[in-house]
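Below is one structure; the comments refer to it alone.
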Amino acid sequence: MTTRHVTRTRARASRIGVRPADEVESAYRALAAGATRGSARRDPADGPARAPDREASRDAERKPVREGRPEPSGAVSEGAADAYRWALAREGHGPVTGVPTREVPDLWRLTAEADAAAVLLDDPACPPENRAYVRGVHDALAWLCGQSDEHAV
């Protein structure tokens, strides 16, 4: 009797959430290309759901928030890029919850992370810097989960 040794290779996911993986990759690359022109990438060692401190030059570029408080414009793109990076299994922890993952998260995990972002967005005590970052994460994950038809910033 012959024993076969089968080498298992991790197949590339065809879908991430409800979106084709190639479309997610394209959205991430477009966002990352725009971010490298305007800012430095967030260090994953900083941990989840904590937007990094913004420089004074970034503070000059602001958008209004629901409560009338300003929010840094670059943080939204940074949050979206981190969400795409996590969804593509290039980041080991969820951008909001910090839940460890090794592979492409399934729809359930993507939705749970989007829900966690929504909770933070509804928290009036959430600082504008964090709110902007979390808004980017939420927008990207909502698109991946089919809750929105628009790509994140």
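Taking first residues from region 86-109 that are surrounded by 15 or more Cβ atoms within 10 Å (Cβ to Cβ) and partners that are basic (Lys, Arg) and at pLDDT 95 or above, the Cβ contacts under 6 Å between residues at least 6 apart in sequence or on separate chains come to Glu91/Arg85. Among all positions in region 117-137, there is at least one residue which is within 25 Å of Arg15 (Cβ to Cβ) and touching a His at 6+ places or on another chain (Cβ under 7 Å).
The values are calculated or read from the model by the stated rules, or taken from the named source; none is laboratory data. Computed from a predicted model, the values in this text were never measured in an experiment. Virtual Cβ from ideal backbone geometry, glycine too; neighbours counted across all protein chains shown.
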